[in-house]
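Q: Can you read through this structure? Questions will come right after.
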Amino acid sequence: MQSNIEENKSDYEHPLRDFWVGFSANKGALIGLAFILFFVFLAVFAPLLSPHSPSELQENALRLPPSFYEGGNASFFFGTDDVGRDLLSRLIYGARISMGVGFLVVFLSASVGTLLGLMAGYFGGKVDWLIMRFVDILMAFPSILLAIVVVSVMGPGLFNAIVAVAIVACPSFIRIVRASAMEERKKQYVMASKTFGASSFRIMFSEILPNCMAPLIVQISLGFSDGILNVAALGFLGLGAQAPTPEWGIMLADARAFISSDPWLVTLPGLCILFVVLGFNLLGDGLRDTLDPRLKK
Amino acid sequence: MLNFLLKRLIDLVPTLLGVSLLAFFVIRLVPGDPVMLMLGERGADPKVYQEMKRELGLDKPILSQYQSFLINSFRGDLGRSLVSKRKVTEEFFGRFPATLELGLCALFFAALIGIPLGILAALKRNSFFDYFLMGGSLVGYSMPIFWWGLILIIIFSVGLGLTPVSGRIDVLYDVPTITGFYLVDTLSPEVLAEEGLAPFISAISHLILPSIAMGTIPLAVLARMTRSSMLEVMGEDYIRTAKAKGLPYKKIVLIHGLRNALIPIITVLGLMFGSIITGAILTETIFSWPGIGKWLVASINARDYPVIQGGVLFIATMVVLINLAVDFVYAVINPKMR
Amino acid sequence: MRHTPRSRSTVLVGILLLSSLISGCLGKKSDSKNFVYCSEGSPTAFNPQITTDGTSNNAAAHTIYEKLVDFKYGTTEVVPALAQSFSVSDDRLTYTFILRKNVSFHSFGDFKPSRPFNADDVLFSINRMRQKDHPYHKVGGGSYEYFNGMEMGSIIKNVVKDNNYQVSIILNRPEAPFLANLAMSFMSILSKEYADFLAAKGEKEKIDHYPVGTGPFMFKKYVKDSLIRYKRNKKYWGEAPKVDNLIFAITPDPSVRFQKLKAGECHLIIEPSPADIAAIEKEDNLKLLSGSGLNVGYLAMNTQRKPFDDVRVRKAINLALNRDSYIEAIYLGQAIKAKNPLPPTIWSYNDKVSDYEHNLEKAKALLKEAGLSQGFETEIWTLPVTRPYNPNGKKMGEMMQADLAKVGIKAKLISYDWPTYLKKARQGEHQLIQLGWTGDNGDPDNFLNVLLGCGGVEAGSNVARWCHDEFEKLISKAKLVTDKEKRAPLYRRAQEIFKEQAPWVTLAHSKVFRAMSKNVKGYIIDPLGGDIFKRIELK
């Protein structure tokens, strides 16, 4: 046992370097990472980067077109929205919300999902049956409908939308962790730990979990994209963030009335959502290719 | 085989029971009393209020309400909508064909374009085309469809004036409801005799944009699935054998490769079918499509309990059964699954 | 690689070609015989007896059905309709109606009427709502909200068939607004013959969904969430409708309605979005009609709670709020500032009442007089839903908050979901509350008594919980007199007292808008809020 751990430690540098070599060879993943870093950058430095306050109403500047169009104003690069707020600033602040949303959704769904998945996979039997029925029930609901119902129960709002989307996202984490945990459980080292009298809790978290990490990391990246997309969709339906929060989904919904007169109000927030989501999907795809040996060919 | 099916069927019972329980109670947790909501500013009088509550059967203890919901839904009676007072089943089947027609068209669009692109990408593996396509499919997969639908409207309806703004058909055509699918009903002899092909074309033109919006994500998934499935099959021994035998490459791919690669693809298509409703909620909202998705969202807002619990139970049952059927077919084809 | 540009552009060109082909073939079927109205939602049923929303009302009450008496098109004046004439007894307890002869009901499906409209139909229609043991009472849920809400059950003592073409309605007590109530949609006349026909087939519930009436248009078809189709009633007794087909295209999104109007997919749209009003006015082929809505938005003060039991405080609040700014920002200028609790389109509206000005100094002085020179803390409940009489309660609340702060009143904004809001308001848990009302029958009683009468305090519709002896005497008296000339002065005096006592801050009467293509003729905005198409024409 003792020597086993020593060995692992000495090997530690190796897989990570191995991973980076594989990962950096994947152009898509690098592009994805670049997108994400760009939006993280916007999110972190939003107050420094945005030329105006995202909620300040500009006098006599209703629905100005972007500055590079005719009639635009140089101080509002992407123009202004229907009540005269600077669109660029709102988009930059929107990155903050989107990143926060993604993180919270993943944090909530991954922690609950991992715990339930580990329990189902490790204990099997009745526990597994019960958890899987729970998963079945959640998956039988159309996901956005379930999220809508949950948000309606808790009342519309950004945080409630996040919780609702996290609930909807749980089953995929549960299933992924359960599948790897079931495989790991049968392996020698787990059997060994058991005979040494390690507690179930310890085995689950310090033996099995680290070995489920590869698919979990991939799912986390994809969880970000799903989470951001679903919360934006709820915002669009009026159930997520509430005005005047500069959230991209609600910005889109607000702009719907001006779809023919001022199409950029609809175009830009949507492009932001698309790029963030694309970034996480590219990253997740790249991670899967490098981390999941079964798909390596 | 029979055991496997039986076990899965037995597992369905608690799942559906759980769904009904969730649908019934969760919607009742939504704050806001449906009676007050219906009466609005006029709900002030407690007498009127109590009377209404009693008439809707909402004054009974909640457990007995659940019990009668369960028993009645077994008999195929999902109750009546609080708002319209019509039977939930009747309302459901009045709208379901619209959603189904749109969903099928979207999947058709996805398969029609996605599968050939996937095959091409597999054949030209690691070419620029392959990268471009896989990149493009990820963009499609990342698409916020509520935005994509709006962009399509901006370009094709508002900008170019090519497609109608919303709805299922030009309202001036009076199409009899036979199947509820406009693409079928507009081809009925009486419509053809009276109006010719114009109603059919009108129905298609109304379907184009919503189908593209709803079909984009399935298209991306299908293209990727097809590609990887083709690559896997092309690596198999029998393909190599066929190749060694000197059969023409195209023939090998299309006859042997595709046939085997299609199995997982069809599975995915089947599973996608279950997620139609999710796509429908957003697409129908954007295109004013008179289907299930919009109706359910409106019913949540109106706290129309019988519609939510009945509609959700119905959809969940359908999803669960489709998944089971897909699993079953898969198990027949691939015995390792058991 | 060579394939890339080609296959991509091929697909694109293909799509473009296909769609242009399709739109080319479409050849829009527009002629002057089909009229398309873009409505805002699906009707809940096709029977005004059981529906309460304006959408259902438009779909059935003004097209398919008629009543004994009706409001004259474009006014709130009551005129004969299915009744050729009517008379009221001296004790004002018996209303006698002589029915119009040779009025035929529509046919629908297998149903062909064998006899013209007569007294049996009137009895059937009223008794279905009135008598709990009526064979049709329970059909469709058995709730007749309007009938109960207007207290018709306790007003009507009996309905008597004098002969085939004469009906008398006997009341329990004199009730001045009764005739106006009869002109409301819920008093529509259904066919007894059709009801019997359905009962024989065991399909009673169809009566509310497959309507048969006597109106200018016949129901043909309803496709859920999509459209309603009507055909001209060729046997209509009155002036024949000028279009053959009337179609309601159900389009919930206001900006989509505007798109469809521009594209010629509909001829007239209900309530365009305020954002599109300017664009509509610019379009050469479109015209915009506006009228005043039969509504009032107000901020009520709970007069049973301190400090609002003091009339000086109530006046101070009236003086402190800058209502003009709300009209500009919240209603986008599309409303009239209200000074009376009822809109100016209703008879007996007292234009001589002088309104409170916006005057912070006077407000502060009054507060000082009331011993509140330091101001006080209170709550404003903001309307959680969009209503014509108040499109954005929250935003208005924020503006009110800022206005009140200027005179030292610290107001906290509170809101609940709509049903909870109404329930709590009914129980009087509020201090300041935004609410409003949309009138039903154009009678002053429908505003003054319901919203400000002492009975409303108990029932909950009087959210100011204001019960004033003299006011109450005036409106109770006006309810008993049938003669409009005698009632009007009583209501005018009541409005003066209301203004003096200031239980509300009257905010606004919103305007209603309808946009239509230039060639639409014969449409008038109905002061009661309906869309009426019997005179409509395309030229």
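The values are calculated or read from the model by the stated rules, or taken from the named source; none is laboratory data. Since the model is a prediction, treat every value here as computed from it, not as a measurement. For neighbour counting, all protein chains shown are included, and Cβ atoms are generated from backbone atoms with ideal geometry for every residue, glycine included. Side chains are part of the model used for accessible areas, which takes the heavy atoms of the whole protein and leaves out ligands, DNA and RNA. Shrake-Rupley method; radii C 1.70, N 1.55, O 1.52, S 1.80 Å.
Q: Pairs C:Lys72/C:Lys112; C:Lys101/C:Lys235; B:Lys85/C:Lys157; C:Lys72/C:Lys337; B:Lys87/C:Lys220: which are spaced more than 19 Å apart, C-alpha to C-alpha?
A: Correct reply: C:Lys72/C:Lys112; B:Lys85/C:Lys157; C:Lys72/C:Lys337; B:Lys87/C:Lys220.
Q: Continuing with this model, one more query. Report, as an integer, the average count of C-beta atoms from other chains found within 10 Å of each Cβ along B:166-179.
A: 6
Q: Here's another thing I want to ask about it. Ignoring ligands, DNA and RNA, how do B:Leu21, A:Leu87, A:Leu158 rank by accessible area with a 1.4 Å probe, largest first?
A: Ranking B:Leu21, A:Leu87, A:Leu158 by accessible area, largest first, yields B:Leu21, A:Leu158, A:Leu87.
Q: Which one of B:Ser166, B:Met214, B:Gly180 is farthest out on the positive end of the charge dipole of the range B:91-281, using unit charges on Cβ (Lys, Arg +1; Asp, Glu -1) and the Cα centre as origin?
A: B:Met214
Q: Reachable lysines from B:Lys245, Cα under 23 Å, same-chain residues fewer than 8 places away excluded?
A: B:Lys124
Q: Using a Förster distance of 35 Å, how high is the FRET efficiency between B:Phe132 and B:Tyr66, based on the Cβ-Cβ distance and rounded to 0.05?
A: 0.05
Q: Further, regarding this structure: With angles folded into 0 to 90 degrees, how steeply does helix B:128-141 sit against the dominant principal axis of chain B? Use alpha carbons for both and round to 10.
A: Result, in degrees: 10.
Q: Something else now. Find, to one decimal place in angstroms, the Kirkwood hydrodynamic radius of the range C:413-468, where the mean of 1/r is taken over every pair of different Cα atoms and then inverted.
A: Mean inverse Cα-Cα distance, inverted, gives 11.9 Å.
Q: Need one value for B:156-163: mean number of C-beta atoms belonging to other chains within 10 Å of its residues' C-beta atoms.
A: Across the residues of B:156-163, the mean count of other-chain Cβ atoms within 10 Å is 5.
Q: Largest first and in whole Å, give the semi-axes of the range A:82-211's equivalent ellipsoid, each being the square root of 5 times a Cα gyration tensor eigenvalue.
A: Computed over the range A:82-211, the values are 38, 18, 10 Å.
Q: While we're on this one: If you roll a 1.4 Å probe over the range C:65-214 with all protein chains in place, what percent of the accessible area is carbon or sulfur?
A: Result for the range C:65-214: 47 percent of the exposed heavy-atom area is carbon or sulfur.
Q: Take the Cα atoms of the range B:50-176, build their convex hull, and give its volume per residue in Å³.
A: Residue-normalised Cα hull volume stands at 242 Å³.
Q: Further question on the same structure: Keeping all protein chains in place, calculate the accessible area per residue for chain C (probe 1.4 angstrom), answer in Å².
A: Here the per-residue accessible area is 39 Å².
Q: List the aspartates and glutamates whose alpha-carbon lies under 15 Å from that of B:Lys243, not counting same-chain residues fewer than 8 positions away?
A: Partners found: none.
Q: Further question: Among B:Ile281, B:Ile255, B:Ile201, whose mean-square fluctuation peaks in a Gaussian network model of chain B (Cα, cutoff 10 Å)?
A: B:Ile255
Q: Translational diffusion coefficient of the range C:295-511 at 10 °C, 1.306 mPa s, Stokes-Einstein with Kirkwood Rh over Cα pairs, in µm²/s as a whole number.
A: 92
Q: If you take the Cα atoms of the protein assembly as shown, find Rg, then find the Kirkwood Rh from the mean of 1/r over all pairs, what is Rg/Rh?
A: 1.00
Q: Restricting to DSSP H runs of at least four residues, report the calculated mean residue ellipticity at 222 nm for the protein assembly as shown, -39500 (n - 2.57) per run over all residues, nearest 500 deg cm²/dmol.
A: The helix contribution divided over the protein assembly as shown gives -17000 deg cm²/dmol.
Q: Apply the Kirkwood formula to the range B:206-251: the hydrodynamic radius equals the inverse of the mean of 1/r over all pairs of different alpha-carbon atoms; give it in Å with one decimal.
A: Evaluated over the range B:206-251, this radius sits at 13.0 Å.
Q: Okay, moving on. Grab the alpha carbons of the range B:138-227, take their convex hull, and tell me the volume per residue in Å³.
A: In the range B:138-227, the Cα convex hull volume per residue is 120 Å³.
Q: State, to one decimal in nm, how far the label point of C:Ala402 lies from the label point of C:Val88, with both points 7 Å from Cα in the Cβ direction.
A: 5.0
Q: Mind grabbing the interface size between A and B? I mean buried accessible area, both sides, 1.4 Å probe, in Å² to the nearest hundred.
A: What A and B bury together is about 3500 Å².
Q: Any chance you could get the radius of gyration and Dmax over the Cα atoms of the range B:126-175, in Å?
A: Cα radius of gyration and Dmax of the range B:126-175 are 16.4, 52 Å respectively.
Q: What does the accessible area of A:Asp81 come to, in Å² to the nearest 10, when a probe of 1.4 Å is used?
A: About 10 Å², rounded to the nearest 10.
Q: Binning at 10 angstrom from zero up to the longest distance, how are the C-alpha pair distances of chain C distributed in percent?
A: Reading the bins upward from 0: 3, 16, 25, 23, 18, 9, 4, 1, 0, 0.
Q: Also, quick follow-up: Expressed as a fraction of 2.2 N^0.38 Å, the rule-of-thumb size for a compact globular protein of N residues, what is the C-alpha radius of gyration of the range B:91-281?
A: Relative to the 2.2 N^0.38 Å estimate, the range B:91-281 comes out at 1.23.
Q: Please list the three semi-axes, largest first and in whole Å, of the ellipsoid equivalent to chain A, using sqrt of 5 times the eigenvalues of its alpha carbon gyration tensor.
A: Value: 43, 23, 14 Å, ordered largest first.
Q: Right, here's the next one. Please list the equivalent ellipsoid semi-axes of chain B, computed as the square roots of five times the alpha-carbon gyration tensor eigenvalues, in descending order and whole angstrom.
A: Equivalent ellipsoid semi-axes, largest first: 43, 28, 18 Å.
Q: For the range C:420-435, list whatever residues lose no less than 40 Å² of accessible surface once every protein chain is in place, relative to that chain by itself, with the probe at 1.4 Å.
A: The answer is C:Leu422, C:Lys423, C:Arg426.
Q: Considering the options A:Ala43, A:Phe141, C:Leu432, tell which one lies farthest towards the positive end of the dipole of the protein assembly as shown, charges being +1 on Lys and Arg and -1 on Asp and Glu at the Cβ, about the Cα centre.
A: A:Phe141
Q: For C:Thr420 and C:Tyr73 in the same chain, what is the full-extension length gain: residue separation times 0.36 nm, less their Cα-Cα distance, in nm?
A: Extra length available between C:Thr420 and C:Tyr73 comes to 121.1 nm.
Q: Here's a follow-up. Kindly state, to the nearest 0.05, the FRET efficiency for C:Leu332 paired with A:Met191, given R0 = 51 Å and r defined as their beta-carbon distance.
A: 0.10
Q: To continue, here is another question. Given the peptides C:230-241, A:88-99, arrange them by the average over their residues of other C-beta atoms within 10 Å, most packed first.
A: Order by mean packing, descending: A:88-99, C:230-241.
Q: With every protein chain kept in the model, how would you rank A:Phe201, C:Phe186 by accessible area, 1.4 Å probe, largest at the top?
A: So, going from the largest accessible area down, we get A:Phe201, C:Phe186.
Q: Another question about this same structure. Roughly how crowded by other chains is peptide C:44-50, in terms of the mean Cβ count from those chains within 10 Å of each of its Cβ atoms?
A: Mean shielding by partner chains, rounded to a whole number: 2.
Q: Given the pairs C:Lys33/C:Lys282; C:Lys282/C:Lys534; A:Lys126/A:Lys187; C:Lys67/C:Lys352, which are separated by over 31 angstrom at their Cα positions?
A: Over 31 Å apart, Cα to Cα: C:Lys67/C:Lys352.
Q: Going from most exposed to least, what order do C:Thr214, C:Thr52 have by accessible area with a 1.4 Å probe?
A: Correct descending sequence by accessible area is C:Thr52, C:Thr214.
Q: How far is it, in nm, from the label point at A:Phe205 to the one at B:Leu187 when both lie 7 Å from their Cα along the line to the Cβ?
A: Roughly 6.2 nm, to one decimal.
Q: On the Cα set of the range C:65-214, report Rg and Dmax in Å, please.
A: 15.0, 46
Q: So, one more: If you bin every alpha carbon distance in the range C:309-407 into 5 Å steps from zero, what whole percent lands in each bin?
A: Percent of pairs per bin, in order: 2, 12, 19, 21, 20, 16, 8, 2, 0.
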